Amino acid sequence: MEEDARNVVDKYRGLSMETIIEDLDKTRSELEVAVENIERDFNMGTIVRNANAFNVAKVHVIGRRQWNKRGAMKTDAYLHIEYHQTAADFFKQMQASNREVIAIDIVEGSEPLGGVRLPSNAVLVFGSEGEGLSREVLEGAKRVVHIEQFGSTRSVNVGVASGIAMYAWVQQNRLTR
């Protein structure tokens, strides 16, 4: 028998991708994440890989359909990914599906993550490494949250920030059940 070289946990070794996705669908978190894909940002793969690690319900890509999947390490294949041409399209769907959009960006007026209760129906939105989130996304979000930091740099890498924010949601909504 051939060795399964995929980067999957032991219980999924040797199973088809369809079987794995079907099993993951049974235990997905209610959390959804979105990435505003304005510029070609290599960090998007890390965000998608983090989304897989926390088994989020869905990943939304706002803007460009094309993104560098290399950093995702094929984890995107196990996720449900939905594309939205514009931020307006994204917000229209979030409103229709009763989702609470939480922008993650270190901008003036944002709230510290440590003091925020993230709702179970949250969609955490991340921007690009250099530009952050667009004004349209920041203004359309229910709230804007930043990760508290104590060093000399202005912000942590957006891929790292996505893992921190997703874990905060998991702590508040999944691990406490």
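The values are calculated or read from the model by the stated rules, or taken from the named source; none is laboratory data. This one's a predicted model, so the numbers in the text were calculated from it and none came from an experiment. With ideal geometry, Cβ positions are generated from the backbone for all residues, glycine too; neighbour counts draw on all protein chains shown.
The figures follow:
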| quantity | calculated |
| --- | --- |
| Among (1) among the acidic types (Asp, Glu); (2) surrounded by 14 or more Cβ atoms within 10 Å (Cβ to Cβ); (3) at pLDDT 95 or above, the one test that residue 111 misses | (2) |
| Hits in the stretch 150-171 - residues which are of a type in the set (S, T, N, Q), in contact (Cβ under 8 Å) with a residue 24 or more places away in the chain and more than 17 Å from residue 50 (Cα to Cα) | 155 |
| Residue that is nearest to residue 100 (Cα to Cα) [pool: residues in the stretch 118-158 that are among the β-branched types (Val, Ile, Thr) and buried (at least 20 other Cβ atoms within 10 Å of the Cβ)] | 123 |
| Residue match in the stretch 144-162 (condition: in a loop (DSSP other than H, G, I, E, B), under 18 Å from the mean Cα position of the chain (by Cα), under 16 Å from residue 58 (Cβ atoms) and at pLDDT 95 or above) | no |
| Cβ-Cβ under 7 Å pairs, at least 6 apart or on other chains, the stretch 98-110 side farther than 13 Å from residue 126 by Cβ and in contact (Cβ under 8 Å) with a residue 40 or more places away in the chain, far side surrounded by fewer than 17 Cβ atoms within 10 Å (Cβ to Cβ) and of a type in the set (S, T, N, Q) | 99/121; 100/121 |
| Search result, residues across the stretch 7-19 that are under 22 Å from the mean Cα position of the chain (by Cα) and either modelled with pLDDT under 85 or not in a helix (DSSP H, G or I) (or both) | 7, 8, 9 |
| Hey, residue 65 surrounded by fewer than 20 Cβ atoms within 10 Å (Cβ to Cβ), of a type in the set (D, E, K, R) and assigned to a loop (DSSP other than H, G, I, E, B) or not | yes |
| Every residue from the stretch 48-98 that is farther than 22 Å from residue 13 by Cα and of a type in the set (Ser, Thr, Tyr) | 83, 86, 97 |
| Set 30, 22: member being acidic (Asp, Glu), within 29 Å of residue 102 (Cα to Cα) and not in a helix (DSSP H, G or I) | 30 |
| Search result, residues across the stretch 73-108 that are in a helix (DSSP H, G or I) and either modelled with pLDDT of 90 or more or surrounded by 22 or more Cβ atoms within 10 Å (Cβ to Cβ) (or both) | 87, 88, 89, 90, 91, 92, 93, 94, 95, 96 |
| Neighbours by Cβ (under 9 Å, 6+ apart or cross-chain): first from the stretch 129-142, closer than 12 Å to residue 110 by Cα; second assigned to a helix (DSSP H, G or I) and of a type in the set (Phe, Trp, Tyr) | 141/91 |
